[in-house]
Amino acid sequence: MKTTLRTRRLEELNWMEFKRLVPKRTAAVLVPVGTIEAHGVTGLGTDNQIPLSVAERIAVPVNALIAPAVHYGITKSLLPYPGSVTVLPDTFERYVSEVAAGLADAGFRRIVFLNGHGGNTEALKNVSVRLYRDKQAYSMVIDWWTLCDEEVRQVYGHAGGHAGTDETALVMVDHPEQVRRQEYKKELAFLARPGLAALPFPGSIILSKKGEGFPDFNPAKATQLMAAVCAKVEQTILDVFGRWNTLDRNADFAERQ
């Protein structure tokens, strides 16, 4: 696909443009997935905004279109915080499965779920299995914060956390107005501990390691992290696509024998 394509967003294409593009010029689509929940001093839509930001930056190099985001996900421990919203796990899984099946029917054979919320992960893995079983379409689920843990450590010298260092930084890059630094205080954070399950969780900033993961409001570091995250996600997708190409060639060869 040429980089002169006027838009990578699926909903901004008309049906004639789509017909010319899929699957002839691309069979890959990025599906941002998140939820609406409390995130310290960033917006309730943080888990949607970050995968959308990443998708916009990597769509050209991975030669993919960007599907409309799935904004509502499975919110659990932070649900009691004002403004947080959830859907039931089976509802979420069925809905995303039908969306993915529709994308496969439209001509996409490689579906990449760019996930911004840990509560969605297992359901998205189930969707991937169902998608291949029902449509023989390949898919992958990318939890960017786990995949890019080392990149966060390289930029900041420590691990991130929910609504902490990494998420706050990536929101700052494209949505600085949604980072309410004046409302930040360390008391918003609470350390996750093995054996503890609390609802509501005692902090809307969740740390995974004592003394690490607090928000950092340095714009230069935030920009550096965004570049590192996008590079890692992009390379991971291309690596998987390359292996899928090999698998397809082997399958074609086997069919001819």
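Any chance you could list the semi-axes, whole Å, largest first, of the equivalent ellipsoid that the Cα gyration tensor gives for the range 136-257, using √(5λ)?
37, 18, 12
Pull up the cross-link candidates among the aspartates and glutamates for LYS186, meaning alpha carbon to alpha carbon under 15 Å and not fewer than 8 places away within one chain.
Partners found: GLU212, ASP216.
Which order do VAL233, VAL127, VAL62 fall in if you start with the one that has the fewest other Cβ atoms within 10 Å?
VAL62, VAL233, VAL127
Which of LYS209/LYS232; LYS125/LYS209; LYS185/LYS221; LYS76/LYS232; LYS135/LYS209; LYS19/LYS76 have a Cα-Cα distance over 31 Å?
LYS135/LYS209; LYS19/LYS76
Using a simple charge model, +1 on the beta-carbon of Lys and Arg, -1 on the beta-carbon of Asp and Glu, nothing else, what dipole does the range 44-199 show about its Cα centre, in debye to the nearest 20?
Working: 15 positive and 18 negative charges, 40 e Å.
So the dipole magnitude of the range 44-199 works out to roughly 200 debye.
In percent, how large is the relative contact order of the chain, given Cα pairs closer than 8 Å and 6 or more residues apart?
Relative contact order of the chain: 20 percent.
Taking the simple approach of a point 7 Å from Cα along Cα-to-Cβ for both ARG249 and LYS186, what is their distance in nm?
Each label point lies 7 Å from its Cα, and together they span 5.6 nm.
In what order do VAL229, VAL99 fall by count of nearby beta-carbon atoms within 10 Å, going from fewest to most?
Values: VAL229 26, VAL99 17.
The fewest-first ordering by Cβ neighbours comes to VAL99, VAL229.
Of VAL129, VAL62, PRO200, which is farthest on the positive side of the dipole of the chain, counting Cα position, with +1 on Lys and Arg Cβ, -1 on Asp and Glu Cβ, and the Cα centre as origin?
Sorting the options by dipole projection puts first VAL62.
Can you show me the helix-derived [θ] at 222 nm for the chain, built from DSSP H runs with n ≥ 4 at -39,500 (n - 2.57) apiece and divided by the number of residues, rounded to the nearest 500.
One gets -14000 deg cm²/dmol as the mean residue ellipticity at 222 nm.
Relative to 2.2 N^0.38 Å, what does the C-alpha radius of gyration of the range 10-248 come to as a ratio? Two decimals please.
With N residues counted in the range 10-248, Rg over 2.2 N^0.38 Å equals 1.02.
Every read-out reported here was derived from the displayed coordinates using simple, explicitly stated rules and does not represent laboratory data. Fair warning: this is a prediction, and the values are worked out from it, not measured in the lab. Positions of Cβ are generated from backbone atoms using ideal geometry, with glycine treated the same way; all protein chains shown enter the neighbour counts.
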